[in-house]
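All of the numbers you see were taken from the coordinates with simple rules; none came from a lab. Everything numeric here is computed off the predicted structure, so don't read it as measured data. Every residue, glycine as well, gets a Cβ built from its backbone with ideal geometry; the counts of neighbours run over all protein chains shown.
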Amino acid sequence: MDTETRLRIADAIKEDARVIHHLVIPERFYQHSMSRPADRAVAAPAGETDLGLLVLAHECGHVANDDDLPHRERLPLVKQEIEATAWAFDRIRHHGGIVTAEMEKNARHALYSYTHSPSDLRADPRLYPFLCGGITL
């Protein structure tokens with residue numbers, strides 16, 4: 001995908017998630033991306049690269065899923081993370097984008113960092129097969 005296509009997809013994803021505020025951060029600081037679902041806000045890269053688009057779409061997934069509402073806050077964090085990642089992949093594809101192998105690798109790495117115990121692996125039936133590379137989201 002070229003930069004123009006990624007940015008078009010990024011705008012469509014923000015609209016899907018009903019994001020009102022997007023603080024664009026440099027991609028090199030993507031680890032500091034975050035969302036504030038109650039405020040319909042994200043701080044994430046613009047989406048100019050595959051990694052930037054994935055991070056932005058993932059944070060938008062937290063907004064779309066209302067992950068800071070009480071009924072969602074009680075879910076295991078790893079469950080919130082895999083759901084935001086699955087939402088991101090779905091929206092990227094929906095808007096004509098391609099979820100590359102590198103994007104999946106980055107997502108696996110990020111999700112693995114939230115997995116600390118066997119109970120975390122049971123939080124979502126997709127988690128273990130995805131981490132092992134057996135399925136895509």
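Annotations for the structure displayed:
- Scaled against 2.2 N^0.38 Å for its residue count N, the alpha carbon radius of gyration of the stretch 1-121 is 0.99.
- Relative packing of 39-49, 71-81, which averages over residues the other C-beta atoms within 10 Å, highest first: 39-49, 71-81
- This model, with +1 at the C-beta of Lys and Arg and -1 at the C-beta of Asp and Glu, gives the stretch 3-131 a dipole about its Cα centre of some 160 debye.
- This ranking places M34, M103 by how few other beta-carbon atoms lie within 10 Å of each, fewest first, which gives M34, M103.
- Placing +1 on each Lys and Arg Cβ and -1 on each Asp and Glu Cβ, with no other charges, gives the stretch 83-137 a dipole about its Cα centre of roughly 60 debye.
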